[in-house]
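Here is the structure we will look at.
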Amino acid sequence: PGTDKGAALGAFLTERGARSVLFAGDDLGDLAAFAAVRASGLPGVTVFSGSAEASAEVAAQADIVVDGPEGVMDLLASIADAIER
């Protein structure tokens, strides 16, 4: 209670000693987490998981826009493949 996704993400990144961050979200509640990614000072990327209920405001704040949860999975698979190479 009394916190948002941005505060939770910031605390998690600090607790884990994160060196980078990728956050994917799909609604207005995720804007605080997008801001936390930018405020963290870490290399990071924000991803909007678009859908039929897509918010143009969230999409405009994201670094990458993908097509729903399947798009997030495809993005993560592409990143994993690039790391393996």
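The values are calculated or read from the model by the stated rules, or taken from the named source; none is laboratory data. Being a predicted model, the structure only gives us computed values, none of them experimental. Using ideal geometry, Cβ is built from the backbone for each residue, glycine included, and neighbour counts are taken over all protein chains shown. These area figures cover heavy atoms from the full protein model, side chains too; ligands, DNA and RNA do not enter into them. Shrake-Rupley method; radii C 1.70, N 1.55, O 1.52, S 1.80 Å.
Key figures for this structure:
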quantity	calculated
Residue-normalised accessible area of the chain, expressed per residue, 1.4 Å probe, Å²	64 Å²
Residues with amide H under 5 Å from that of residue 22, placed H, sequence gap 5 or more	45
Alpha-carbon spread of segment 45-85, three principal axes, descending order, Å	35, 18, 7
Net charge contributed by nearby residues that have their C-beta within less than 14 Å of residue 23 (K/R +1, D/E -1)	-2
Those trypsin sites (Lys or Arg not before Pro) in segment 5-55 that DSSP places in a loop and that have at most 16 other beta carbons within 10 Å	19
Radius 12 Å from Cβ of residue 42, net charge of other residues (Lys, Arg +1; Asp, Glu -1)	+3
Using θ = phi - 60° and Karplus 6.51 cos²θ - 1.76 cosθ + 1.60, couplings along segment 68-83 (whole Hz; Gly, Pro as x)	x, x, 4, x, 5, 4, 4, 4, 5, 5, 5, 5, 4, 4, 5, 5
Solvent-accessible surface (1.4 angstrom probe) belonging to residue 78, in square angstrom, nearest 10	70 Å²
Base-10 log of normalised Debye intensity for the chain (one unit scatterer per alpha-carbon) at q = 0.12, 0.15, 0.18 Å⁻¹	-0.36, -0.56, -0.79
Table column - 3J(HN,Hα) (Hz), segment 12-29, Karplus curve with 6.51, -1.76, 1.60, x for Gly and Pro	4, 4, 5, 4, 8, x, 4, 10, 7, 8, 10, 10, 10, x, 9, 8, 4, x
